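Q: First the structure, which I've put down as C-alpha cells, then a few questions once you've had a look.
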Amino acid sequence: MSHGVNKLGVLGAGQMGGGIAQIAAAAGISVTVFDSFPGAIDKCKGVHKKSIGKFVEKGKMSQADADAALGRISFVDKVDNLTGCDWVVEAVVEDAKVKKDLFTRLAAMYPDPKVVLATNTSSISITEIATACGATAGRVVGMHFFNPVPLMQLVEVIPAVQTDAAVVERTIALATAMGKTPLKANDRAGFVSNRVLMPMINEAFYAWMEGVAEPEAIDGIMKLGCNFPMGPLRLADYIGLDTCVNIMNVLADGLNNDRYRACPLLKQLVTAGRLGDKVGRGVYTLPAK
Ligand code: NAD
C-alpha cells in the first residue's frame, strides 16, 4: 500500500520532531515543522545542518542530496500556519493534555479524515489521544520513532482501539519509505519499548540513590556485563530526564501500579533543571556542544 504523503507536518522542533522532519525530507517528502517556543526553530535548523553534514562527511549522502533535503524543510511558529499537509506527526512535550488539545485543534484544521494524525508519544495512550479527534478518531495512530531518529532503525506502530486498518497499513508504508523498520505493538502504557526499558532506567536511578554504585560504575557494569551500547543512566541523559519522569508517570497511572513510580532522585534532578543532554547537564555534565 502507498502512504500517499506529499507534505508532512511535524509538531515540535525538538530532538524527535527535528529528526522526523530530517528523515522525511531525506526520503523526498516536503516537510513543514511547527514550534512556538522561542529559539526552538533556530536550534532545529542548526541540528539539521550538523546531522545531515555528518551523513555527507561519511559519504552516505551527496552534498546535492543533502542540500535538496534541507531545502524541503520549512518552519512555522503558529500551528494555524501548518496548512496543506496530508499527514501530521506530533512530537511535542510528553503531556497528555497538551497533546489532546493539539489533536482537537488539528482535527478541526483538517476535517478530511484521509489526513492521518500520528503521534510520536513514548507512552501516552493512543486511544486516549484519538478521542480528542471525535468522529475522525479512526485516522489517529501511534508512530513511535527512536532517538536519534536519523540513526535508529525502529518505528513502533501502535493502533488505537479506534484506528482504521488502512491507516495502520499506510503508517507501515510511510515508515518503510523513510528507511525504517516498522513493528506493531498494542496500545498499552509504554507499548513494548518503554514498558521494558523505562523501569530498567528507573531502577538504575534507585541503585545510584541507594549507594549501590556511582553512575560510571552502574553504566560500566551494564555495558560490559550486559553488552549494552550505552549504560542506563547515560541513556536517561540522552532521552531527557523530564521525558523519563513523564513516561514513568504514564506507566504508573496506565498500568495502575505504584512500582512504576519515578525514582525520587530522578525527579529531584528534573526539579533542579538537570534534564540531560538537551541542557548540557543531567546525571553527567556534558562538554558544551
Ligand atoms: P524535546 O523537549 O526535545 O522537544 C519537545 C518540543 O515540544 C519542543 O521543541 C517544545 O518547543 C515543544 N513544546 C513544549 N511544550 C509545548 C506545548 N505546551 N505546546 C506545544 N509545543 C510544546 O522533546 P523530545 O525528546 O523531542 O520529545 C518529544 C516527544 O517525543 C515526546 O512525546 C516524547 O515522549 C517522544 N519521544 C522522545 C524520545 C526521546 O528519546 N527523547 C524518543 C521517542 C519518543
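Q: Kindly indicate whether Ser36 is more than 18 Å from Phe145 (Cα to Cα), within 9 Å of the ligand (Cβ to nearest atom) and among the hydroxyl-bearing types (Ser, Thr, Tyr).
A: yes
Q: Select, from Asp95, Asp86, the only residue that is assigned by TED's automatic domain parsing to the domain that holds Val33 and modelled with pLDDT under 95.
A: Being assigned by TED's automatic domain parsing to the domain that holds Val33 and modelled with pLDDT under 95 holds for just one of Asp95, Asp86, which is Asp95.
Q: Now, a different point. I'm checking my understanding of the structure. Among residues of the range 265-277 that are without any contact (Cβ under 8 Å) to a residue 40 or more places away in the chain and of a type in the set (Gly, Ala, Ser), which one is farthest from the ligand (Cβ to nearest atom)?
A: Checked the range 265-277; the qualifying residue farthest from the ligand (Cβ to nearest atom) is Ala272.
Q: Go through (1) within 10 Å of the ligand (Cβ to nearest atom); (2) more than 20 Å from His144 (Cβ to Cβ) one by one and return the number of the condition Ala69 breaks.
A: That leaves (1) as the condition not met.
Q: Looking at the range 59-70, is at least one residue farther than 27 Å from Cys244 by Cα and in contact with a strand residue (DSSP E or B) (Cβ under 8 Å, 6 or more places away or on another chain)?
A: no
Q: Could you tell me how many of the residues in the range 206-264 are in contact (Cβ under 8 Å) with a residue 24 or more places away in the chain and within 16 Å of the ligand (Cβ to nearest atom)?
A: 24
Q: Within the range 55-73, can you find the residues that are closer than 13 Å to Ala24 by Cα and not in a helix (DSSP H, G or I)?
A: Within the range 55-73, Arg72, Ile73 meet the criteria.
Conditions (1) within 18 Å of the chain's Cα centre (by Cα); (2) of a type in the set (D, E, K, R); (3) within 13 Å of the ligand (Cβ to nearest atom), marked per residue:
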position	(1), (2), (3)
Gly12	yes, no, yes
Met16	yes, no, yes
Ala25	yes, no, no
Ser30	no, no, no
Ile41	yes, no, yes
Gly53	no, no, no
Val56	no, no, no
Lys60	no, yes, no
Gln63	no, no, no
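Q: A follow-up question, please. Being part of a helix (DSSP H, G or I) and open to solvent by 60 Å² or more (accessible area, probe 1.4 Å) is true for just one of Thr104, Thr127, Thr83. Which residue is that?
A: Thr104
Q: Sort through Val98, Val93 and tell me the only one that's assigned to a loop (DSSP other than H, G, I, E, B), out of contact with any helix residue (DSSP H, G or I) (no Cβ under 6 Å at 6 or more places or on another chain) and within 10 Å of the ligand (Cβ to nearest atom).
A: When all the criteria are applied, what remains is Val93.
Q: Which condition breaks for Leu154 when tested against (1) out of contact with any helix residue (DSSP H, G or I) (no Cβ under 6 Å at 6 or more places or on another chain); (2) more than 30 Å from Gly53 (Cα to Cα)?
A: That leaves (2) as the condition not met.
Q: Further question: Any residue in the range 44-66 that's farther than 21 Å from Gly17 by Cα: show its pairings with residues that are polar (S, T, N, Q) at Cβ separation under 9 Å, as long as the two are six or more apart or on different chains.
A: Qualifying pairs under 9 Å: Val56/Ser62; Val56/Gln63.
The values are calculated or read from the model by the stated rules, or taken from the named source; none is laboratory data. Values in this document were obtained by computation on a predicted structure and should not be read as measured data. Reconstructed Cβ throughout: ideal geometry from the backbone, glycine too, with neighbour counts over all protein chains shown. All accessible areas refer to the heavy atoms of the entire protein, side chains included, with ligands and DNA or RNA removed. Shrake-Rupley method; radii C 1.70, N 1.55, O 1.52, S 1.80 Å.
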